[in-house]
Amino acid sequence: MSSQTTAQLYEIFNSIQGEGLYVGERQIFIRFAGCNLSCQYCDTPQSQNLTPEFKVEQTPGKRDFKNYPNPATVTQLLEIVGNFNKHKGLNHAISLTGGEPLLQVDFLKTSLPILKKEIGLFFYLETNGVLPDHLAEIIEWVDIIALDIKLPSATGLSPYWKEHRKTLETAALQNVFVKIIFTRETPPKEIDDATSLIAEVSVDIPLILQPVTPHGSIKHRPQPEQILAAQAIAKRKLQTVRVIPQAHKIFGMV
């Protein structure tokens with residue numbers, strides 16, 4: 001097994017979880033730099049590329065960031081995360097987000113056991129779901145997986161159904177839910193195809209339908225009837241289908 005003790009990060013901060021089943025929970029976010037996709041409606045495009053520095057918010061909610069040189073070490077993460085977790089019981093989990101965290105799977109294999117032992121919080125992994133073999137390498141250390149199914153209309157690429165299916169099968173060994181971002185232009189068939197894939201693994205896997213959060217325009221936001229129609233399509237095959245927007249954007253949080 002290879003070992004890597006440093007990581008390319010974009011930022012670390014302490015905030016509420018704004019998406020999915022755990023909206024409103026306080027989490028410590030470690031945002032990894034670099035991504036293997038370039039989705040049309042990515043809300044963190046700045047994290048897609050590697051940078052010479054990463055930033056750490058000093059006071060939750062104040063956006064008073066301090067820069068540190070990349071790459072980050074496990075020792076640095078222990079100190080930074082520990083500072084955000086001084087008040088026991090405040091934080092629900094450490095969110096591993098990006099970018100795409102699984103691109104740095106060797107670092108995760110090294111760091112997660114150490115962080116788990118020293119910090120003692122759940123690990124909440126946000127992934128685009130197209131690196132199933134990487135997830136399998138760290139699944140024992142991850143407690144919750146938020147898996148984004150990337151629709152072809154959002155990526156401009158061929159469907160990732162095979163990769164999503166394999167990733168979901170591994171993720172189902174732990175606590176998993178699926179998130180699908182959709183727009184006014186999303187074909188209903190893509191929602192149907194995605195929910196069929198989830199149902200083939202388990203009809204009990206929760207699905208979160210997330211209407212796109214516009215950046216300076218509302219022209220791509222689904223109409224109310226489209227939102228309800230998408231939920232109706234998904235409910236034909238899955239037990240739990242909820243429509244949840246990006247709450248942190250509503251509150252003006254990171």
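Some observations on this one:
- The alpha-carbon atoms of the stretch 6-251 define a convex hull whose volume equals 118 cubic angstrom per residue.
- At R0 = 41 Å, FRET efficiency that the Cβ-Cβ distance of ILE218 and ALA136 yields, to 0.05: 0.55
- Qualifying lysines (Cα of each under 27 Å from Cα of LYS219; at least 8 residues distant if same chain): LYS150, LYS179, LYS189, LYS235, LYS249
- With a simple spin-label model that places each label point 7 Å from the Cα along the Cα-to-Cβ direction, the separation between THR5 and THR240 comes to 4.0 nm.
- Mean Cβ count within 10 Å, highest first, over the residues of peptides 158-167, 16-25, 56-65: 16-25, 158-167, 56-65
- Listed by chain and number, the aspartates and glutamates placed with their C-alpha closer than 19 angstrom to that of LYS109 are GLU79, GLU100, GLU118, GLU126, ASP133, GLU137, GLU140, ASP143; residues fewer than eight positions away on the same chain are left out.
- Spacing of the two label points (7 Å from each Cα toward its C-beta) at HIS87 and ALA247, in nm: 1.7
- Summing +1 for each Lys or Arg and -1 for each Asp or Glu among the other residues whose beta-carbon sits under 15 angstrom from that of LEU168 gives -2.
- Contour excess over end-to-end distance, with Cα ends at GLN58 and ASP192 and 0.36 nm allotted per residue: 43.9 nm
- Pairwise label distance in nanometres, TYR68 with ARG165, each label 7 Å out on the Cα-Cβ vector: 4.2
Throughout, read-outs are computed from the coordinates displayed, never taken from laboratory work. Just so it is clear, the model here is predicted, and its values are computed rather than measured. For neighbour counting, all protein chains shown are included, and Cβ atoms are generated from backbone atoms with ideal geometry for every residue, glycine included.
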